[in-house]
Protein chains: 2
Amino acid sequence: MRAGVSVGTVSRVLAGELSVKTALRDRVQDAIDALSYRPNVMARALRTSTTDVIGLIVPDITNPFFSQMAASAERAAFEYRHSLMLASSHNDREAEQSHISAFLDRSVRGIIIVAANVSHSAHVKTKVPIVSLDRRFADFPLISINHAEAAALVADHFYELGHRRIAYIAGPADTEAGRARREGFVDRIRALDAKAELEIFSGRFDYESGEVIARRLLAQPPNMRPTAIAAASDQQAIGVLRAARDLGLDVPGALSIAGFDDIHLANLVVPRLTTVRQPTDQLARRAVELLLEKALEPGDEALSASLVIRGSTAPPPPDQAGDQPTEGPKSPQQE
Amino acid sequence: MRAGVSVGTVSRVLAGELSVKTALRDRVQDAIDALSYRPNVMARALRTSTTDVIGLIVPDITNPFFSQMAASAERAAFEYRHSLMLASSHNDREAEQSHISAFLDRSVRGIIIVAANVSHSAHVKTKVPIVSLDRRFADFPLISINHAEAAALVADHFYELGHRRIAYIAGPADTEAGRARREGFVDRIRALDAKAELEIFSGRFDYESGEVIARRLLAQPPNMRPTAIAAASDQQAIGVLRAARDLGLDVPGALSIAGFDDIHLANLVVPRLTTVRQPTDQLARRAVELLLEKALEPGDEALSASLVIRGSTAPPPPDQAGDQPTEGPKSPQQE
DNA sequence: CTGAAAGCGCTTACAG
DNA sequence: CTGAAAGCGCTTACAG
């Protein structure tokens, strides 16, 4: 070695062991700097069978919510001096499994999974810590917002504005988020006013799904159709916005719309979308932190989301407000 | 070993060497399957100093164009039995460099870089093949579309529709794409009609940039403002759309708008955006293929883009069409 | 055709 | 406090 010491000593200096005498340490450090020496990651990994990379698997990197999540996770990983390796499962269970295997083969430090939509009970046996983010994977601890509580925020908002004829566009029932948001919203509306008219529809979380459902929904005569629509995702809500525009319906004058997630785009559509803000930075950071803890705690963690009120929600039109036709009970669910 | 052979032989079977006798090979393969043995990637990498991972660095994974690029690259890598490791540079030169170093440390098979916006002449000396994608990095070979040719397609379209008072919102002048698109558009318009009024503005590639510029531009009286605006990115164009909407301007009735890239969202805004489709799949695939070739060829490659005509472009309003005020030359550039 | 052995570049007990 | 040595799990000349 340039500094005339053994490789073992260099390794100790690199590891920051205090057992190495200061003078020697400085000399070695100088040599390291002078040669701009970088330890071989592979050799280290082979020896210790662990690395500084955290694997992240998202269902679809093309989805703005997940790409923001990925950006946040990368930032958090970086702060903890780790790298992030990102993979996209295309909502495909097999791809998800093969990505997990690939990560495990590389002996990553840990894996964060936003589970694919398809419900499944995978069995992954490994010493590598795994946490689920936003959508639970198998039975690994989950970091997410409290979906039900967050969805109830939207219900409160609609109710306070005076809406009593409301539609909810739910996410897939095979996702916890889809179910919890729906339940949170529906329960709160019912709790506030058992007589409020509430229609529920189920779809996927994407733009098209919201648009298709809204188009059908809004084709009804004004006194029949909802004065407010809450969606389980911003993408759905933007689809609704689009349908409303196509039908010449003023938002929020004739129809209020609220989304969920606060993706970047929510603040760019016209009108800007009232929505629930997911604290993606905090969620991603917690996932990273949990992974890095010596002993991975088994419990789930739920963070709080917040309501962001923007231009897409307002009181119902005057001729509709408070009118509570007792035309008999409507079928409350219709999926 | 379970099959009673040496590790060397196992290694040869795994490598598919034909020198191993068929009977032995089958026996070993059975043992491999039975134990579901997976070779240690780290050890292999240490020995051969190469891996099956391709590193991809994009300026901002949150930008839909890049996330689609990433998805395409991952698919292409997968087809060639490689994994993709994705990093986001946040348009920061230092982060970009540190990601390159991290990839090199992991002895990746190759690196694909969509360069950060900031112009710079990095010096990376390595045996690892590197290609630039979409935006050139240092002096590494570039895979991109022919931006000038593609932008000219939009110019042709506007001209054919009858627009003669046109604005162009350019991308950053410190990017090749920004410059080439602008040049392609401007040259074509000038070539078609030297008297056509053409105003040029420069901005960033994002939503806000388009919106801000358009707001100013469209505040002018109808006979002064352009009848068509071409933008250097879909995000800018969507910003323009938004400004037009806020000002109560009908698109495409009073104003035609065209974007560039054909991000997913372009087909979801109202009206749907006329734009230039980048063949992201092919671009990403070519980048991967180039990387995997034994000898990386130094030349650039340009693919062709195509015009996608949708609802945001139409002939100019009748009272504006063909009116060619000879009110003297306007200042052609104004940035 | 197949085995024994060297060696990739580290980390970490084990001596001293 | 520091060095010499073993060993992580592969691949690949080198023998035979």
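The values are calculated or read from the model by the stated rules, or taken from the named source; none is laboratory data. This structure is a prediction, so every number in the text was calculated from the model and none was measured. Cβ placement follows ideal geometry from the backbone for every residue including glycine, while neighbour counts extend to all protein chains displayed. Please note that ligands, DNA and RNA were not included when accessible areas were found on the heavy atoms of the full protein model with its side chains. Shrake-Rupley method; radii C 1.70, N 1.55, O 1.52, S 1.80 Å.
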Most mobile listed residue (B:L14, B:L296, B:L56) in chain B, GNM with C-alpha springs under 10 Å
B:L14
What gaps in nm, shortest first, separate A:E160 from its twins in the other copies when you place the label 7 Å past Cα toward the beta carbon?
5.4
Spatial separation of Cα centroids for region B:181-236 and region A:255-300, in angstrom:
36 Å
Find every distance from the label point of A:A173 to the corresponding label point in the other copies (7 Å from Cα along Cα→Cβ) and write them in nm, one decimal, shortest first.
6.0
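Report the A-B buried area as the accessible area lost on both sides summed, probe 1.4 Å, in Å² to the nearest 100. Write down the numbers at each step before the final one.
Numbers: alone 16510 and 16450 Å², together 29170 Å².
Its buried surface, counting both partners, is about 3800 Å².
With r as the distance between the Cβ atoms of A:N223 and B:E183 and R0 = 45 Å, compute the FRET efficiency 1/(1 + (r/R0)^6) and round to 0.05.
On the way: r = 57 Å, r/R0 = 1.27.
Taking R0 as 45 Å, the efficiency between B:E183 and A:N223 is 0.20.
For region A:17-117, what is the Kirkwood hydrodynamic radius in Å, using each pair of distinct C-alpha atoms? Spell out each step's value before the answer.
Numbers: mean 1/r = 0.0635 Å⁻¹.
Evaluated on region A:17-117, it is 15.7 Å.
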Please give the net charge around A:R285, taking every other residue with its beta carbon less than 12 angstrom from that of A:R285, where Lys and Arg add +1 and Asp and Glu add -1.
-3
Å² per residue, accessible surface of region B:147-274 at 1.4 Å:
33 Å²
Using alpha-carbon positions, the gyration tensor of chain A gives root eigenvalues a ≥ b ≥ c; with a/c under 1.5 called rounded, otherwise prolate if a/b exceeds b/c, else oblate, the class is prolate
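Percent antiparallel among DSSP beta bridges with both residues in chain A, to the nearest 5?
The antiparallel proportion sits near 10 percent.
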So who's got an amide H within less than 5 Å of the one on B:T51, skipping anything under 5 residues away but keeping other chains? H placed 1.01 Å off N, in plane.
B:R109
Sorted by chain and then number, the residues having a modelled amide H within less than 5 Å of the amide H of A:M85, at least 5 places away or on another chain, are A:I54, A:G55, A:L56
Roughly how many debye, to the nearest 20, is the charge dipole of region B:218-282 about its Cα centre, given +1 on each Lys and Arg Cβ, -1 on each Asp and Glu Cβ, and no other charges?
200 debye
Segment B:D193-B:L18, extension gain: residue separation times 0.36 nm, minus the distance between their alpha carbons
56.3 nm
Tell me which residues come under 5 Å, amide H to amide H, from B:S233 once H is placed; ignore anything under 5 positions away on its chain.
B:F260
Tell me the label-point distance for the pair B:K125, A:D26, using the 7 Å Cα-to-Cβ offset, in nm and rounded to one decimal.
3.1 nm
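What FRET efficiency would be calculated for the residue pair A:A34, B:E289, taking the C-beta separation as r and a Förster radius of 30 Å, to the nearest 0.05? Working shown, then result.
Details: r = 40 Å, r/R0 = 1.33.
Taking R0 as 30 Å, the efficiency between A:A34 and B:E289 is 0.15.
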Does the protein assembly as shown classify as rounded, prolate or oblate by the C-alpha gyration tensor (a ≥ b ≥ c root eigenvalues; a/c under 1.5 gives rounded; else a/b over b/c gives prolate, otherwise oblate)?
oblate
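Just the number, please: carbon plus sulfur as a percent of the accessible area of the protein assembly as shown, 1.4 Å probe, no ligands or DNA/RNA counted.
51 percent
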Have a look at region A:267-311 and report residues whose accessible surface goes down by 30 Å² or more when the remaining protein chains are included, against the chain on its own, probe 1.4 Å, ligands and DNA/RNA excluded.
A:L268, A:V270, A:R272
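Quick one: work out the % antiparallel among DSSP beta bridges in the protein assembly as shown, nearest 5. Intermediate results must be reported in sequence, preceding the final value.
Working: 6 of 74 bridges.
Looking only at bridges with both residues in the protein assembly as shown, the antiparallel portion is about 10 percent.
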Pop out a list of residues from region B:33-59 that are at least 40 Å² less accessible with all the protein chains around than in their chain alone; 1.4 Å probe, no ligands or nucleic acids counted.
B:R38, B:V41, B:M42, B:L46
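Shape call for region B:94-193 from the C-alpha gyration tensor, a ≥ b ≥ c root eigenvalues: rounded (a/c under 1.5), prolate (a/b greater than b/c) or oblate?
Working: a/c = 4.02, a/b = 3.02, b/c = 1.33.
Prolate shape, in that a/c is at least 1.5 and a/b is the bigger ratio.
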Over region A:45-90, give the accessible area per residue in Å² for a 1.4 Å probe, as an integer.
36 Å²
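Tell me, what does the Kirkwood hydrodynamic radius of region A:147-274 come to in angstroms if you use every pair of distinct C-alpha atoms? The partial results should precede the final answer.
On the way: mean 1/r = 0.0712 Å⁻¹.
Over region A:147-274, the inverse of the mean reciprocal pair distance is 14.0 Å.
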Tell me the distances, shortest first, between A:G248 and the same position across the other copies, using label points 7 Å along Cα→Cβ, in nm to one decimal.
1.8
Taking chain B and dividing mean pair separation by its residue count, relative contact order in percent (alpha carbons under 8 Å, at least six apart)
16 percent
